[in-house]
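Participant: Quick one: this structure, given as C-alpha cells, is what I'll be asking you about.
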Amino acid sequence: MGGGKRAKWFLRSAAVVVVLISLVRPLVALRPLRERDSTALAGPWSDERLFLRRYENDLSSYSPWNITGTYRGSWNFVETTNGSFRLFDFGKSNGVSVLELVSTPTKISGVHYVQGAVTFLDVFDSGHDHGFAKLKLEGVYIWPFRQLRMVASSGVDGKSLQEEDYFSSNPYHLLGVFSSQVLQESQQNKIWRRKSLNYDMEKHCNIEIAAQVSRTSSGQSDRGDYQRYHLEGLLESPKVDDDGVCFSPILLNATSLNIELYYNKAVNYTLMVTFISFLQVLLLIRQMEYSNTQSGAAKVSILMIGQQAIMDAYMCLLHLTAGILVESLFNAFATAAFFKFVVFSIFEMRYLLSIWKASRPINNGEGWETMRRELSVLYSRFYGILLGGILLMYELHNFLRPILFAMYSFWIPQIITNVIRDTRKPLHPQYIIGMTLTRVAIPLYIFGCPSNFLRIQVDRSWCIYFGLFMTLQAVILLLQNYLGSRCFIPHQILPEKYNYYRKLENDNNQVDCVICMTGIDLTQRSNEYMVAPCDHCFHTGCLQRWMDIKMECPTCRRSLPPA
C-alpha cells in the first residue's frame, strides 16, 4: 500500500507540473525578446535558431555593430506627385529627417531588437503651424546581413498614435515577418507571417521600414573610436485588405551623429558664453567708474545701454530654454543663462537707471512722486520692447540675419548722441573695444565656425559684412573720443560753437582760478586758459576736469555750453 500511494502521489505531481508548464509557456511568449532565455525558443522560431546555428561559424567573421544613436539626413517621396493619403498629407516632397534608435542584443545570434522614432522636418509649407511629423518604430536589426527592419502603426482611421496607444508588437513576430526576406522563406510562410503581423489591425495604416546599414569613414573632427553609420532605406505602407495605400513610399537617407562630440561642443560653447559674460561685467564696471558723475552719466546714450540690455535678456532666455529642452546639458546652459541674467539685470539695468536719473534732475520738493511715475514709464517701455521683440522675431524668424544687423547696431545711438550734444569722451576706449569684441563672438561662432554645435551652414560673406559693420561703428566712436564728436562732419554744416579760448577783455593781466586757487597769466597763449560765457576765467585743465563733473560755472553756477 505504501508503494501504491507513492506512485499515485508521483503521478499527481507530474500532472501538476505538466499543467503549470502549459500555462507558463504562453506567458513566456509574451515577454520581450531581450528578456527571453534559450529555453523559450520553440515552435516556429526554432527554424531561425537552427539557421543561425547552422552558420554560427560564419557569424564569427562579422562584428555586431551597435547602431544605437541619432541619425540625421533627408527624406523624399519616391513618386514626384504626392496625392492626398490617409496618414501623411505633406505639403512638400522632401525635407530633413531625424531617426533615434536604441539597439539591444537578444538571445538569438545575429539579431538585435531596435526601438526608436523617426521625425520628418519641413513637411509643410512655411505658413503652416506644424512643421514636423513623428512616428514611433519597433523592429529588428539582423547584423550579419546589415539589414534593419522596423514597423509602426497609426491609430484607427489614419490618426497618429498617442503615447499611451503606441503599437507594441511581439518582437518574435517582427523577426518572423522580416526574416522571410533574409532567410528566403517560401511564399506561403510569407503570407502566414504577414497575416500574423496585421492581425487586429485591418483598419490601421501599417508602416514598414527596410533599410541597409553601412559604415562611413569618420571625419577629422571625430575623435576616439567612434564609428559613424549610414542608413539608406524605404518607408512604405503595404495594402491591408482593401483599405488602400496610406501614403506614398518615402526614401530615407541618414547618417549617425556623434552625440558625445556634439555635447562636448555645446559645453565648450557655454564656457565661451560664460567667459564672455564675465568680461562684459568687468567692462561695465570700468565704464560705470569712468562715468560715475552726473555729468559723465548724462553723456551716455540711454538707448545704447537699453539695446544691449535687451540683447542680453534674449540671450538669457535662449540659453535657459536650450537647457530645459536638452536635459543632459541643463547645467551648462543654465550657467551661461545665469551669467547673462547677471549682466543685464544687475549691471546694465543699474547703469540704465543711473543714466536716466542723470539726464532728468528733479527738485527735492516734488522729486519722489515724479521720479516714481517716470521710473514706471521707463520700466514699462523696457519690458514692453522686450516682449514685443520676442513676438516680432517669432513672426520674422526667416529674416534672422537682418534682425541681427539691427540688434547689433547698438553703437549708433551713442554716435548720434555725441554729434547732437557735442559731448566729450562719454565712453572709455576699453569699453568700446572690449564690448565690440565680446558682442561679435557669438554671431561669428554660429555663422562662421564650420564645426559649431548648432550645425548651421557657414556663411562667410555674412560674417565679413557683419564684422565690417561692427568695426565701422567702433572706429567712429574711437575717432569721436580722440578727435572730437563732430570730427567727420564738414564744418560748413555745423552750428556755431562757443569759443572758450577767446581773449578776456580785462585791464588786469592776471586773475585767479577759483578751481585751483592760483593765478592765471593772461599774457600767455590763449590755449592755456578758458573763458566761460559769463567772463569767468579758469585754467584749461581745471575747467575741463570740472566739466566732466558738472556743466555749470564754478563761480556763478551758470550753465556751460559743450567744450
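Participant: For a quick check of your reading of the model, give me the residue pairs whose first member lies in the range 259-278 and is within 14 Å of A336 (Cα to Cα) and open to solvent by less than 80 Å² (accessible area, probe 1.4 Å), whose second is among the basic types (K, R) and in a helix (DSSP H, G or I), with beta-carbon atoms closer than 7 Å and at least 6 apart or on different chains.
Facilitator: S277/K340
Participant: Restricting to the range 538-555, give me the number of residues that are surrounded by fewer than 16 Cβ atoms within 10 Å (Cβ to Cβ) and closer than 17 Å to L504 by Cα.
Facilitator: Adding up the residues that qualify gives 1.
Participant: Look at the range 513-563 and say how many of its residues are part of a loop (DSSP other than H, G, I, E, B) and in contact (Cβ under 8 Å) with a residue 24 or more places away in the chain.
Facilitator: Total meeting the criteria: 18.
Participant: So which residues in the range 335-348 are touching a residue at least 40 places away in the same chain (Cβ under 8 Å), open to solvent by 20 Å² or more (accessible area, probe 1.4 Å) and either of a type outside the set (S, T, N, Q) or not in a helix (DSSP H, G or I) (or both)?
Facilitator: Across the range 335-348, the qualifying residues are F339, V342, F347.
Participant: Taking the range 388-401 only, how many residues are surrounded by 10 or more Cβ atoms within 10 Å (Cβ to Cβ) and of a type outside the set (G, A, S)?
Facilitator: Matching residues across the range 388-401 total 8.
Participant: If I filter the range 448-459 for residues that are open to solvent by less than 80 Å² (accessible area, probe 1.4 Å) and within 29 Å of S295 (Cα to Cα), do I get at least one hit?
Facilitator: Within the range 448-459, not a single residue is open to solvent by less than 80 Å² (accessible area, probe 1.4 Å) and within 29 Å of S295 (Cα to Cα).
Participant: Condition test on Y445, is it modelled with pLDDT of 90 or more and either under 25 Å from R486 (Cα atoms) or in contact with a Ser or Thr (Cβ under 8 Å, 6 or more places away or on another chain) (or both)?
Facilitator: No: the conditions fail for Y445.
Participant: Can you tell me which condition M470 does not meet? The list is (1) within 30 Å of A266 (Cβ to Cβ); (2) loosely packed, with under 15 Cβ neighbours inside 10 Å; (3) over 23 Å from the mean Cα position of the chain (by Cα), and all the others hold.
Facilitator: (2)
Participant: Starting from the range 472-485, keep only residues that are within 17 Å of Q287 (Cα to Cα), then list their pairs with residues that are polar (S, T, N, Q) and open to solvent by less than 40 Å² (accessible area, probe 1.4 Å) whose Cβ atoms are within a distance under 8 Å, requiring at least 6 positions of separation or different chains.
Facilitator: Here the result reads A474/T436; L477/Q414; L477/N418; Q480/N418, each pair linking the range 472-485 to a residue that is polar (S, T, N, Q) and open to solvent by less than 40 Å² (accessible area, probe 1.4 Å).
Participant: With respect to V114, determine if the residue is open to solvent by less than 10 Å² (accessible area, probe 1.4 Å), at pLDDT 60 or above and more than 33 Å from the chain's Cα centre (by Cα).
Facilitator: So V114 does not fit the description; no.
Participant: Within the range 324-334, which residues are open to solvent by less than 60 Å² (accessible area, probe 1.4 Å) and of a type in the set (V, I, T)?
Facilitator: Residue satisfying the conditions is V326 alone.
Participant: Looking only at residues that are at pLDDT 90 or above and of a type in the set (S, T, Y) in the range 290-323, which one is surrounded by the most Cβ atoms within 10 Å (Cβ to Cβ)?
Facilitator: S301
Participant: For the structure I just gave you, tell me whether Y351 is closer than 18 Å to L279 by Cβ, modelled with pLDDT under 95 and open to solvent by less than 30 Å² (accessible area, probe 1.4 Å).
Facilitator: yes
The values are calculated or read from the model by the stated rules, or taken from the named source; none is laboratory data. Everything numeric in this text was worked out from a predicted model, so none of it was measured. For neighbour counting, all protein chains shown are included, and Cβ atoms are generated from backbone atoms with ideal geometry for every residue, glycine included. Heavy atoms of the whole protein, side chains included, go into the accessibility calculation; ligands, DNA and RNA do not. Shrake-Rupley method; radii C 1.70, N 1.55, O 1.52, S 1.80 Å.
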